[in-house]
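The values are calculated or read from the model by the stated rules, or taken from the named source; none is laboratory data. All values derive from a computational prediction rather than experimental measurement. Here the Cβ positions follow ideal geometry from the backbone for every residue, glycine too, while neighbour counts run over all protein chains shown.
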Protein chains: 2
Amino acid sequence: MATEMSRVILDQLVSGIAPVEEGWRRQACVHLDTLTKPIGSLGRLEDLAAQIVAIRRERVADSFRKAVYVFAADHGITEEGVSAYPRAVTHQMVLNFLSEGAAINVLARLHRAALHVVDVGVDADLEQAPGLLHHKVRRGSRNMLQEAAMSEEELAQAMSVGATLGEEAAAAGYSLLAIGEMGIGNTTSASAITCALTGASAAIATGRGTGLESEAHARKVRIVEAIVAKHCGAPSSAIEILRCVGGLEIAAMTGMVLAAARHRIVVVADGFISTAAVALAAAMEPNVLGYLIAGHRSEEPGHRLLLDHLGLTPVLDLGMRLGEGTGAVLAMPILESAISLYNGMATFAAAGVSEAAQ
Amino acid sequence: MATEMSRVILDQLVSGIAPVEEGWRRQACVHLDTLTKPIGSLGRLEDLAAQIVAIRRERVADSFRKAVYVFAADHGITEEGVSAYPRAVTHQMVLNFLSEGAAINVLARLHRAALHVVDVGVDADLEQAPGLLHHKVRRGSRNMLQEAAMSEEELAQAMSVGATLGEEAAAAGYSLLAIGEMGIGNTTSASAITCALTGASAAIATGRGTGLESEAHARKVRIVEAIVAKHCGAPSSAIEILRCVGGLEIAAMTGMVLAAARHRIVVVADGFISTAAVALAAAMEPNVLGYLIAGHRSEEPGHRLLLDHLGLTPVLDLGMRLGEGTGAVLAMPILESAISLYNGMATFAAAGVSEAAQ
């Protein structure tokens, strides 16, 4: 059960999130049927265009102002040996982001999305690191096998980091946000969140993360089971699930998604961890769902469970499992294609093309 | 059986097509494993990068020189009422391409692919149309229910149109080609080709095209059955299948694919008709297969059969069924992403990131 403090935080974060505008969606669908193509022949691109129009409630410009936020944090649970990589890799990869060498740097550059890297809980001294957004709440979350991943204060602080950045993103005029992360150990959190939200067993919701072998994977399943049993025995509120089995970067992502929805920004979820954060936001405020696009389906088995739970069909399905926001940014040219087609195609009437006989 | 003339044409078109270079592919895979990401975590993007390196046999530049060729022709079989749209739409859509109003115009512009529209057999006087490549062989193919779709001379001429344009594309420095088409009635050809190549029944290989209702669809299935029974009763060579149940634009596409493979150009197939052309090229010369990427999977049921037959996994699966090269061009930013990641990511050693413990 959420305590009084959690409830106060939550009330602020979810306030003012309106549903997307179904009237605009219907108008968009009418327009799509006037364009010089067989009805429905652009498939998912038509759904995406209509959803984006319903989100933005305006004639949408061809090119979005795009950004990807990568939230980085460490996880106390890595003490239990749940990852193929040492904890130090979170820190090392943050430095890699800052020196432009990671996959997300390449994709953000190629697809012209501004990249923002946020330290919300990396277990390293990064105060002097240039170009980093400094919002460290704590040097990693707590070990979920022993205690809740975050105290109430830590949760509130981490969610506020994301919410504040979401407000800033809106003020900066971004219309399309990808939500990414880096945090060794965070698939363990995402698996536990998946179990808590969907009722799936740990065995089904737990994957190999960055590449665990069979024995280490079996160990990870047992750890997720134990975490879920400890914290999520009784039906829990989304905010308590987040506090007990989440992570600092996951809480920040959840906060950002709520703020983005308030400002009618299109939110593209990335892989398993990003989608766990997005699913928590949707559980806190169901109106959030209309603002969400699943960028891709990752190889993590729990990701499929979360996407089904949310009723989201991913744009891409390329067997990726990297995180960092890579799958979300990769989907951006497809979303831009959808809007460009919506805006740029001629109508049957204007082009003098005959319509279907039937 | 191919006649002497067919064999002479074919020998010329398939000559000099070498297999892609497996040594380069292996080297590419070794390089991919040094990059700062868990092994294999970029999924299909890694396969695509390695395939492109194996095709190009060189350090591939980040940005391709891209083009999409849209081959347009009419089909004699439209006399039998196999399409939801009147035959005149082929002509009307060519004019729409030339005035920049069609879906392929929007996508080619957005993704910076040069668009070339080729009249290889439209049943209209287009000689004065500016911007069109004029290579009309005949005002539409012949009615396949009555006779072969093309005479030997017409087939040779149509294939040469594509082959010559393929040579010109290589000379112009294009490294990535999308193969698209426009031709009312051409899913009927593609279905018949699918039956002939894969042994599938007409009922399985025949879809709704641009949007047939149930009764018209049942009629189309019977027509495809009759066409296949008439022309493809005995095992036929790919070139005879193409001549009897193909179309002028399909023959041109097949010719272009063969020329592109000879010049080590990456060929992106589009939907059902484009893939039928590509499958015929691969049947004529199996080395072609290594140069092919399936841009997307269309909603046409026969497309799935052809992709399985070729062993190709599509990059995108967005429920599209438009043709024009749209699905192929839409896949281009994904291919560029794959190569940019391959070229641009830091290695573990250079970035000082720890590798996996296992």
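The residues of region A:143-164 that are over 21 Å from A:K230 (Cβ atoms), touching a strand residue (DSSP E or B) at 6+ places or on another chain (Cβ under 9 Å) and among the hydrophobic types (A, V, I, L, M, F, W, C) amount to a single one, A:V161. If the condition is being in contact with a Gly (Cβ under 6 Å, 6 or more places away or on another chain) and basic (K, R), then region A:137-150 contributes A:R138, A:R142. Just a yes or no: is a residue in region B:256-273 in a helix (DSSP H, G or I), closer than 19 Å to B:V288 by Cα, away from every other protein chain (no Cβ under 14 Å) and β-branched (V, I, T)? Yes, some residue in region B:256-273 is in a helix (DSSP H, G or I), closer than 19 Å to B:V288 by Cα, away from every other protein chain (no Cβ under 14 Å) and β-branched (V, I, T).
In this structure, B:L292 does not qualify as over 18 Å from B:S175 (Cβ atoms) and surrounded by 23 or more Cβ atoms within 10 Å (Cβ to Cβ).
Take the residues in region A:61-77 that are out of contact with any strand residue (DSSP E or B) (no Cβ under 7 Å at 6 or more places or on another chain) and buried (at least 22 other Cβ atoms within 10 Å of the Cβ), then tell me which one is nearest to A:I334 (Cα to Cα). Top of the filtered list is A:H75.
Considering (1) under 20 Å from the mean Cα position of the chain (by Cα); (2) within 14 Å of chain B (Cβ to nearest Cβ), the lone condition that A:L13 does not fulfil carries the number (2).
Note on region A:19-54: among residues that are more than 14 Å from every other protein chain (Cβ to nearest Cβ), of a type outside the set (A, V, I, L, M) and free of Cβ contacts under 8 Å to residues at least 40 places away in the same chain, the one that is nearest to B:S298 (Cα to Cα) is A:C29. In region A:69-86, the qualifying residues are those that are at pLDDT below 95 and touching a Gly at 6+ places or on another chain (Cβ under 8 Å), and the one that is farthest from the other protein chains (Cβ to nearest Cβ) is A:V82.
Could you tell me whether A:G302 is in contact with a Ser or Thr (Cβ under 7 Å, 6 or more places away or on another chain), more than 17 Å from A:V53 (Cα to Cα) and buried (at least 24 other Cβ atoms within 10 Å of the Cβ)? So A:G302 fits the description; yes.
The residues of region A:222-260 that are basic (K, R) and either farther than 18 Å from A:A200 by Cα or surrounded by 24 or more Cβ atoms within 10 Å (Cβ to Cβ) (or both) amount to a single one, A:R243. The residue that is nearest to the other protein chains (Cβ to nearest Cβ), counting only those in region A:87-102 that are of a type in the set (S, T, N, Q) and surrounded by 23 or more Cβ atoms within 10 Å (Cβ to Cβ), is A:N96. When A:A28, A:A50, A:A72, A:A88 are checked against the criterion of being touching a helix residue (DSSP H, G or I) at 6+ places or on another chain (Cβ under 7 Å) and either more than 29 Å from B:M182 (Cα to Cα) or basic (K, R) (or both), A:A72 stands alone in meeting it. State whether the residues of region A:104-127 include one that is assigned to a loop (DSSP other than H, G, I, E, B), surrounded by fewer than 17 Cβ atoms within 10 Å (Cβ to Cβ) and within 14 Å of chain B (Cβ to nearest Cβ). Within region A:104-127 (the criterion being assigned to a loop (DSSP other than H, G, I, E, B), surrounded by fewer than 17 Cβ atoms within 10 Å (Cβ to Cβ) and within 14 Å of chain B (Cβ to nearest Cβ)), the answer is yes, since at least one residue qualifies. Got at least one residue in region A:17-34 being at pLDDT 95 or above and in contact with a strand residue (DSSP E or B) (Cβ under 6 Å, 6 or more places away or on another chain)? Yes, because at least one residue in region A:17-34 is at pLDDT 95 or above and in contact with a strand residue (DSSP E or B) (Cβ under 6 Å, 6 or more places away or on another chain). Hey, A:R297 hits all of (1) crowded, with 21+ Cβ neighbours inside 10 Å; (2) out of contact with any strand residue (DSSP E or B) (no Cβ under 8 Å at 6 or more places or on another chain) but one; which does it fall short on? Checking A:R297 against (1) crowded, with 21+ Cβ neighbours inside 10 Å; (2) out of contact with any strand residue (DSSP E or B) (no Cβ under 8 Å at 6 or more places or on another chain), the one that fails is (2). If you go through region A:209-220 and pick out every residue that is buried (at least 18 other Cβ atoms within 10 Å of the Cβ) and either among the basic types (K, R) or touching a helix residue (DSSP H, G or I) at 6+ places or on another chain (Cβ under 7 Å) (or both), you end up with 3. Kindly check whether there is at least one residue in region B:44-56 that is surrounded by 13 or more Cβ atoms within 10 Å (Cβ to Cβ) and farther than 19 Å from B:P314 by Cα. Looking through region B:44-56, at least one residue is surrounded by 13 or more Cβ atoms within 10 Å (Cβ to Cβ) and farther than 19 Å from B:P314 by Cα. Of the helices (runs of 4 or more DSSP H) lying entirely inside region B:279-358, those containing at least 2 residues that are within 12 Å of the chain's Cα centre (by Cα) and within 12 Å of chain A (Cβ to nearest Cβ) span B:326-344. More than 16 Å from the chain's Cα centre (by Cα), in contact (Cβ under 8 Å) with a residue 40 or more places away in the chain, in a helix (DSSP H, G or I) and crowded, with 23+ Cβ neighbours inside 10 Å - does that describe any residue in region A:157-172? Among the residues of region A:157-172, not one is more than 16 Å from the chain's Cα centre (by Cα), in contact (Cβ under 8 Å) with a residue 40 or more places away in the chain, in a helix (DSSP H, G or I) and crowded, with 23+ Cβ neighbours inside 10 Å, which makes the answer no. Just one of the numbered conditions (1) closer than 22 Å to A:M256 by Cα; (2) modelled with pLDDT of 95 or more is not true of A:M144: (1). The criterion of at least 3 residues that are within 14 Å of chain A (Cβ to nearest Cβ) is met by the following helices (runs of 4 or more DSSP H) wholly inside region B:190-245: B:214-231. Taking first residues from region B:259-271 that are closer than 16 Å to B:T326 by Cβ and partners that are surrounded by fewer than 24 Cβ atoms within 10 Å (Cβ to Cβ) and among the acidic types (D, E), the Cβ contacts under 9 Å between residues at least 6 apart in sequence or on separate chains come to B:G271/B:E299.
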